[in-house]
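The values are calculated or read from the model by the stated rules, or taken from the named source; none is laboratory data. The structure presented is a predicted model; accordingly, all values stated were derived computationally and were not measured. Here the Cβ positions follow ideal geometry from the backbone for every residue, glycine too, while neighbour counts run over all protein chains shown.
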There are 2 protein chains.
Amino acid sequence: MFAEIITVGDELLTGNTVDSNSAFIAQKLTERGYWVKRITTVGDDVEDIKSVIRESLSRKPEVLIIAGGLGPTHDDVTMLGVAKALNLELELREDALKRIEEFYIELYKKGLIDDPKLNEARKKMAYLPTGAEMLNNSVGAAPGAFLIHEHTKIFVLPGMPREMKAMLENEVLPRLGKRTFLQKKLLAEITDESKLAPILNEALKKFNIKIHSSPKGFGKYIGIILFGESEEEIERARKFMEEKGIKFEEV
Amino acid sequence: MFAEIITVGDELLTGNTVDSNSAFIAQKLTERGYWVKRITTVGDDVEDIKSVIRESLSRKPEVLIIAGGLGPTHDDVTMLGVAKALNLELELREDALKRIEEFYIELYKKGLIDDPKLNEARKKMAYLPTGAEMLNNSVGAAPGAFLIHEHTKIFVLPGMPREMKAMLENEVLPRLGKRTFLQKKLLAEITDESKLAPILNEALKKFNIKIHSSPKGFGKYIGIILFGESEEEIERARKFMEEKGIKFEEV
């Protein structure tokens, strides 16, 4: 179960804003047992967004979360980039339009804006890639989008941290299942590499855990992350593997 | 003049650490007139590091800055990833070894460590890709590396923010030239797209400026960043282009 994150925004590439969104998203995905393998940041440029999405999809992550660039200004072109990457059109969505209209009426009633009417800029946020499921923005105007491409679940979220976090919690995580996982990071000493894989596979069958492994260092160790629903289950799996001959070191 | 940044570290992909390094580096590069087009974060995995460096080099940035994963532990495999990406070997460097030795003797004299001797872990940091120039780490043990691949200047820096910042200031920026640039971001309305490029080119010849442009929005505007050594020079260039028929909007 591996995941990738793409954040979009010129302000991230000029260093004017520190990208805390990707860390927040990464943490939530990791808690749910996803292994985030790559985070990429590109600017508000349709072609760059298209390219980076296609590159990510070619690596076949189970989940791809894209955040930023959904607002009303000319710079906000992420939905167009998503559509182009997937060879889809952008289409005006009545459900999104209605939601955006309601949002601005609410702001108007609160005295925060002078005019509640939909103008071109506001209407722009109601365009989603064909076939996308709309993700509700509970604290802002711009809706998100959910699409499935081959085996990848793609979520497109706003870049304002408040809006991103609300949409991640309310719309994304429920679509990824509700289980959360604890993690234990270990280094497995490789005395005989060919022994390792069968033991990991045995442990996967026997216990309610997930295992991520990646080659580390100068060939002596392999990094292992054990994910489980309880510390007890992780410990049982670890002991089982140790009894089978794997030597672990704590990271 | 475009640049890319790669940050390395599992702690960034689990969300345990917010990647403030890339924002710092991006800011310094932007001030020097580089356009940072992409930031990528990967974990402490040799193959992932190798891949992401090769992908970046294929886009031919003028500058590629890589930060993180130079320390003494098994997890720190960035130099190996750099060497593999460039089809180079890692070689033990006497200049680096001497510098590392001195560093630990200093720590020992200060009473911060029990043993000043070089062990395998400390010695590991003295391996640099063949032909690399060593970059001095004025506040830590691990040296950095400077390599040139085709037209790309590659800098490899430590991930500890204090060490990264010192090496960036003292070793990287002087190798990029000392000029700093002011920036002005504008949107150019496209009344006739074919007119735009020749006018930009004329301005580039006539004034001491750089121009970055990228397509924005739904086709009506192109994002323009004017870089210049003074506000006056930027203003002169802007007025010149306006007189030639480009309509600008402030961002």
> Can you spot a residue in the stretch A:18-41 that is part of a helix (DSSP H, G or I), more than 9 Å from chain B (Cβ to nearest Cβ), touching a residue at least 40 places away in the same chain (Cβ under 8 Å) and hydrophobic (A, V, I, L, M, F, W, C)?
Replying inline: no
> Which residues, taken from the stretch B:148-164, are touching a residue at least 40 places away in the same chain (Cβ under 8 Å) and part of a strand (DSSP E or B)?
Replying inline: B:His149, B:Thr152, B:Lys153, B:Ile154, B:Phe155, B:Val156, B:Leu157
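Do you know which residues across the stretch B:51-100 are of a type in the set (D, E, K, R) and in contact with an Asp or Glu (Cβ under 6 Å, 6 or more places away or on another chain)?
Kept after step one, since they are of a type in the set (D, E, K, R), are these residues of the stretch B:51-100: B:54-55, B:59-60, B:62, B:75-76, B:84, B:89, B:91, B:93-95, B:98-99.
Matches in the stretch B:51-100: B:Asp75 only.
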> From the residues in the stretch B:166-181 that are under 12 Å from the mean Cα position of the chain (by Cα) and surrounded by fewer than 18 Cβ atoms within 10 Å (Cβ to Cβ), which one is farthest from B:Ile211 (Cα to Cα)?
Replying inline: B:Glu169
>> I'd like the residue in the stretch B:1-37 that is surrounded by 22 or more Cβ atoms within 10 Å (Cβ to Cβ) and charged (D, E, K, R) and, out of all such residues, is nearest to the chain's Cα centre (by Cα).
In response: B:Glu4
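Suppose the filter is touching a helix residue (DSSP H, G or I) at 6+ places or on another chain (Cβ under 7 Å), more than 24 Å from B:Thr7 (Cβ to Cβ), surrounded by fewer than 16 Cβ atoms within 10 Å (Cβ to Cβ) and not charged (D, E, K, R); does B:Ile113 pass it? Before you say what the answer is, go through the steps one by one.
Numbers: touching a helix residue (DSSP H, G or I) at 6+ places or on another chain (Cβ under 7 Å): yes; more than 24 Å from B:Thr7 (Cβ to Cβ): yes; surrounded by fewer than 16 Cβ atoms within 10 Å (Cβ to Cβ): yes; not charged (D, E, K, R): yes.
So B:Ile113 fits the description; yes.
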>> Let me confirm something: among A:Ser194, A:Ser230, which residue is at pLDDT below 80, at negative phi and not β-branched (Val, Ile, Thr)?
In response: A:Ser194
>> Can you pull out every residue in the stretch B:233-251 that is closer than 22 Å to B:Glu31 by Cα and at pLDDT 90 or above?
In response: B:Glu233, B:Ile234, B:Glu235, B:Arg236, B:Ala237, B:Arg238
>> What pairs come out if I take residues in the stretch B:222-251 that are more than 21 Å from A:Thr14 (Cβ to Cβ) and surrounded by fewer than 20 Cβ atoms within 10 Å (Cβ to Cβ) and pair them with residues that are among the hydrophobic types (A, V, I, L, M, F, W, C) and modelled with pLDDT under 90 whose C-beta lies under 6 Å away, six or more apart or interchain?
In response: B:Lys244/B:Ile199
> What number of residues within the stretch B:148-165 are crowded, with 21+ Cβ neighbours inside 10 Å and touching an Asp or Glu at 6+ places or on another chain (Cβ under 8 Å)?
Replying inline: 2
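If we only count helices (runs of 4 or more DSSP H) wholly inside the stretch A:42-147, which ones have 2 or more residues that are free of Cβ contacts under 8 Å to residues at least 60 places away in the same chain and within 14 Å of another protein chain (Cβ to nearest Cβ)?
Result: A:46-58, A:78-85, A:120-124.
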> How many of the residues making up the stretch A:55-70 are crowded, with 21+ Cβ neighbours inside 10 Å and not hydrophobic (A, V, I, L, M, F, W, C)?
Replying inline: 4
> So B:Glu101 clears everything in (1) more than 22 Å from B:Asp48 (Cα to Cα); (2) in contact with a strand residue (DSSP E or B) (Cβ under 9 Å, 6 or more places away or on another chain) except one condition, right? Which one?
Replying inline: (2)
> For A:Gly15, all conditions in the list (1) in contact with a Gly (Cβ under 8 Å, 6 or more places away or on another chain); (2) at the interface with another protein chain (Cβ under 7 Å from one of its Cβ atoms) hold save one; what is the number of the exception?
Replying inline: (1)
